[in-house]
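Scroll down for the structure; my scribbles are underneath it.
Taken together, the values in this text are just the output of simple stated rules run on the coordinates, not laboratory data. The model shown is predicted, which means the values in this text are computed figures rather than measured ones. Note that each Cβ is placed from the backbone with ideal geometry, even for glycine, and that neighbours are counted across all protein chains shown.
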Ligand SMILES: NC(=O)c1ccc[n+]([C@@H]2O[C@H](COP(=O)([O-])OP(=O)(O)OC[C@H]3O[C@@H](n4cnc5c(N)ncnc54)[C@H](O)[C@@H]3O)[C@@H](O)[C@H]2O)c1
């Protein structure tokens, strides 16, 4: 089976991600069937896609005729059997292994033997989801970022059973949807949700130690570090419930490696209902009339905060390469396109010098004696050889 352009695509689950993924596929010229067990959700998705297309038409991205054609190419149904003719079906339902198994077992009976099946899961392993299939070689992860229509990155994750051919076909297909594709190993958090952990975790740790408040840490990371958003602003934006759960899941999946230890501060904010923007209060107060706290603009302190978070991020990026999760170029692409980092972390390490990064990590490790600061062997090697990550 050849996946050619304009084949039929199926999406299961019409929530936040499914609706976006369906729109992306339709905008790329495919006929798309979007299914969900909840008819209300399908209606909501249809309205959301219509209004998004209207906005894109107003911005000049599509002509009114093109937008109409995209809409006409989309069908909505509560029946999985509507995926009968699909060349690829992407599942984006609730993050629950038993429910995903139920859906894939049914799907496999409906689709053609050559249809590729995929999950948009963020935290379950591809191997565990695919294990329910008679032919797991046709199954892989296709991980979009929220909002799927705007975020350029897609992580493609073959499981141990996935055929190389199918991985390659999906890489080509998703690239043709004008997305940046990185292929990575089926390991917890894939690339982005693994490598980004210290951005939140170390910021929380710095706060917990009393070194600086939220506003100062955010100021250091944006003004000195050049990140678009500071960690606390970003956690409030993502939602403390969601961000905490990702950290907790990655921590457990890595057999409780202290590098990924969640923070009490974030947990307490979550327990208190301080989830972020969506509840009007998180680390900051978003209620009307509230005044944003001013940072302490002490340059030396800001530099210290920025460097501490950055070297931990670089260490994590080095670990992803060391453990063969992805190539150095894929890791850098993932962090710049998936979470908008101002530079690829490994290119950043090359610029600063692996020796410089290692020195800082070693001094943190010596000070704290905690495993979260242990330097990665690949970073040590690069420092010793004075070589670069990105050739
Ligand atoms: N939200 C994110 O930021 C994000 C980002 C990347 C990946 N993901 C992953 O994408 C998947 C979906 O997440 P979401 O945030 O879009 O969830 P969501 O809650 O917004 O939507 C899930 C949808 O699935 C439907 N559903 C539930 N059970 C179903 C079934 N048996 N058959 C058909 N439809 C069913 C629900 O009615 C709902 O409309 C999850 O696996 C999640 O881990 C989420």
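Ignoring solvent entirely, what values of log10 I(q)/I(0) come out of the Debye formula for the chain at 0.06 Å⁻¹ when each Cα is a single scatterer?
-0.25
Output needed for the stretch 194-385: three equivalent-ellipsoid semi-axes, defined as square roots of 5 times the C-alpha gyration tensor eigenvalues, in descending order, whole Å.
They are 27, 18, 16 Å, listed largest first.
In terms of the ratio Rg/(2.2 N^0.38 Å) built on C-alpha atoms, what value belongs to the stretch 118-270? Could you put the intermediate results ahead of the total?
Values: Rg = 17.5 Å, N = 153, 2.2 N^0.38 = 14.9 Å.
So the Cα radius of gyration is 1.17 times the expected 2.2 N^0.38 Å.
Counting only DSSP beta bridges with both residues in the stretch 8-183, what percent are antiparallel, rounded to the nearest 5?
Antiparallel: roughly 15 percent of the beta bridges in the stretch 8-183.
Per residue of the chain, what 222 nm ellipticity follows from adding -39500 (n - 2.57) for every DSSP H run with n ≥ 4, rounded to the nearest 500?
-15000 deg cm²/dmol
What is the distance in Å between the Cα centres of the stretch 20-65 and the stretch 151-175?
Answer, in whole Å: 23.
What nm value, rounded to one decimal, do you get for the distance between residue 363 and residue 106 when each label is placed 7 Å out toward the C-beta?
5.9 nm
Between helix 299-322 and the chain, what is the angle of the helix's C-alpha long axis to the longest principal axis, kept within 0 to 90° and rounded to the nearest 10?
That helix lies at roughly 50 degrees to the long axis.
Subtract the Cα-Cα distance of residue 85 and residue 299 from 0.36 nm times their separation in residues, and report this length gain in nm to one decimal. Write down the numbers at each step before the final one.
Values: separation 214, 0.36 × 214 = 77.04 nm, distance 6.03 nm.
My answer for the length gained is 71.0 nm.
Of all DSSP beta bridges in the chain, what percent run antiparallel (nearest 5)? Each step should come with its number before you reach the end.
Values: 7 of 31 bridges.
Roughly 25 percent of the DSSP beta bridges within the chain come out antiparallel.
Report the Cα-based extents of the stretch 8-183 along its three principal axes, largest first, to the nearest Å.
45, 32, 27
For the stretch 248-307 and the stretch 341-379, write down the distance between their C-alpha centroids in whole Å.
Cα centroid of the stretch 248-307 versus Cα centroid of the stretch 341-379: 22 Å apart.
Just from the alpha-carbon atoms, what are the Rg and Dmax of the stretch 42-82 in angstroms?
11.6, 36
Using a Gaussian network model of the chain whose springs link C-alpha atoms within less than 10 Å, name the residue from 369, 289, 302 with the highest mean-square fluctuation.
Sorting by GNM fluctuation, first place goes to 289.
Which value in Å does the Kirkwood hydrodynamic radius of the stretch 118-187 take, with 1/r averaged over all unlike C-alpha pairs and then inverted?
About 12.1 Å for the stretch 118-187.
Roughly what angle does helix 328-338 make with the longest principal axis of the chain, taking Cα atoms, 0 to 90 degrees, to the nearest 10?
80 degrees
By its C-alpha gyration tensor, with a ≥ b ≥ c as the square roots of the eigenvalues, how is the stretch 219-322 shaped: rounded for a/c under 1.5, else prolate for a/b larger than b/c, else oblate? Intermediate values should be presented prior to the final figure.
Numbers: a/c = 2.41, a/b = 1.15, b/c = 2.10.
Oblate is the answer for the stretch 219-322, as a/c is 1.5 or above yet b/c matches or exceeds a/b.
Using the Cα atoms of the stretch 38-111, I'd like the radius of gyration and the largest Cα-Cα distance, Dmax, both in angstrom.
Spelled out, the Cα radius of gyration and Dmax of the stretch 38-111 are 15.3, 43 Å.
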